[in-house]
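Chemist: Have a look at this one before I ask anything.
What follows draws every value from the coordinates through simple rules; no lab data is involved. Bear in mind the structure is a predicted one, so any value in this text is a computation, not a measurement. Cβ sites come from the backbone with ideal geometry, for glycine too, and all protein chains shown count toward neighbours.
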Amino acid sequence: MEKTGLVDAVLLIDGDNDPHLPEDFALTDSTLVKVFLRPKATLPRTLQRRIASLPLCVTISAPQGGKNAADFVMGLHAGLLHASLPMHIPFSVVTNDKALSAIVTELQRVGRVATLWTSHPERSAQQAATSHRQPRTRRSGPARRPRAAAPAAAAPASAAAPRPAPTKSLADVTVSYFKMLSRAKNPPSRLKALLNDIANRTANSGFSPADILEELKRSHGVRIDERGRVSRA
């Protein structure tokens, strides 16, 4: 059982389907990292070098072979960690397995801040598009003209889920985030990455990443130059 007081974020990596790490992911000594592998598999050297020095990093191999053995182990650990860690601790799942992405959906459904990342976004988009194609018509018999599907209307911006009502002030939320940022070994170095990190870690705060960024600039010396590079005074 992990010491929950030492953990500020959870990162679960599917070593069989996507053994990578987001370049701008903020790793700290309090980041709990678990990498899941099939039996006798090893990590790529680039990933091993990046996480090997972290005190809360562990590699977990499935106890036996099988197509979905490592997937089951990863899902089990995700559930155990969710049950034992406070709800404010964010989870990030790295996988290119569509079935494992359901872990993130379920964590979000029960109120946990959870993020899905893959190093193959173009493949995920292609799979999503393929899943909406019509089935092929039979070649036997007279050819039939397939019925055209009605184009899906783009969801308006107003259809996005509303933010929860703030339970803390903007200043308090920003202070909490700035403490995590200060402990990060590899803090976000670009504006886009910083905004994504703020969104992941403060999703239930009730404030937008832009609001929190402005408070970081005003009260904590965070600077963004004309090229989008992040620095601190």
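Chemist: Quick query: amide H of A114 versus all other amide H atoms, modeled in the peptide plane; which residues come in under 5 Å with a sequence gap of 5 or more or a different chain?
Modeler: Answer set, sorted by chain and number: F91.
Chemist: Between L47 and I60, 0.36 nm times their residue separation minus their Cα-Cα distance comes to what? Display every interim value, and only then the final one.
Modeler: Working: separation 13, 0.36 × 13 = 4.68 nm, distance 1.46 nm.
Full-extension gain reported as 3.2 nm.
Chemist: With label points built 7 Å along Cα→Cβ from the Cα atoms of A199 and R218, find their separation and express it in nm.
Modeler: For the pair A199/R218, the computed spacing is 2.3 nm.
Chemist: Right, here's the next one. Between V230 and residues 5 or more places away or on another chain, which pairs have amide H atoms under 5 Å apart, with H built 1.01 Å from N, and which residues are they?
Modeler: Sorted by chain and number, the residues that satisfy this are R190, L191.
Chemist: What distance in nm separates the two pseudo spin-label positions at S182 and A165, each 7 Å out from Cα along the beta-carbon direction?
Modeler: 3.2 nm
Chemist: If you plug each phi of the range 44-49 into the Karplus form 6.51 cos²θ - 1.76 cosθ + 1.60 with θ = phi - 60°, what whole-Hz ³J(HN,Hα) values come out, in order, with x for Gly and Pro?
Modeler: Each residue of the range 44-49 in turn: x, 4, 4, 5, 4, 5 Hz.
Chemist: I want to check the label-to-label distance for R190 and D24. Put each point 7 Å from Cα in the C-beta direction and report it in nm to one decimal.
Modeler: That separation, rounded to one decimal, is 0.6 nm.
Chemist: How long is the gain from R227 to A99 if the chain were fully straight, where each residue apart is worth 0.36 nm and the alpha carbon distance is subtracted?
Modeler: 42.3 nm
Chemist: On to the next question. Determine, from the Cβ-Cβ distance of D211 and L76 and an R0 of 35 Å, the FRET efficiency 1/(1 + (r/R0)^6), rounded to the nearest 0.05. Numbers along the way, then the final one.
Modeler: Numbers: r = 37 Å, r/R0 = 1.07.
According to the calculation, E is roughly 0.40.
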